[in-house]
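See below for the structure under consideration.
Read-outs throughout are calculated quantities, based only on the coordinates presented, and are distinct from any laboratory measurement. Since the structure is predicted, the reported quantities are computational estimates derived from the model, not experimental observations. Here the Cβ positions follow ideal geometry from the backbone for every residue, glycine too, while neighbour counts run over all protein chains shown.
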Amino acid sequence: MEIDSVFGNKGEGARPLPKPTATFVSSDGIGEMTEEKIRGIVCNPVYAGIGPFPGLISDEQWVRAAATMIAEDGAEQFLVNLLHILRTSFAAYDQQR
């Protein structure tokens, strides 16, 4: 496997990534559930326990839910949402400290 075949050349005929379709949900501000919030919960591995965050669900539950979402939304959309939610989760944690 060559590195260029994995990462490609930025801007060389590449289409832009999709926009995130997930919304970060904090433990203190769930409010009304929306499709975007559900996506944000399902694609957030923090709920399985990462770093300073204790696990609320098992790895098996998270992996199976993520696999279902990948099948429904596609891998690229899921990964965009995952990055967006992880960045938001850690930023929110940093602000609370």
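Can you name every residue in segment 64-82 that is among the hydrophobic types (A, V, I, L, M, F, W, C) and either in contact (Cβ under 8 Å) with a residue 60 or more places away in the chain or surrounded by 13 or more Cβ atoms within 10 Å (Cβ to Cβ) (or both)?
Within segment 64-82, A65, A66, M69, I70, F78, L79, V80, L82 meet the criteria.
Only one residue in R87, R39 is out of contact with any helix residue (DSSP H, G or I) (no Cβ under 9 Å at 6 or more places or on another chain) and of a type outside the set (F, W, Y), so which one is that?
R87
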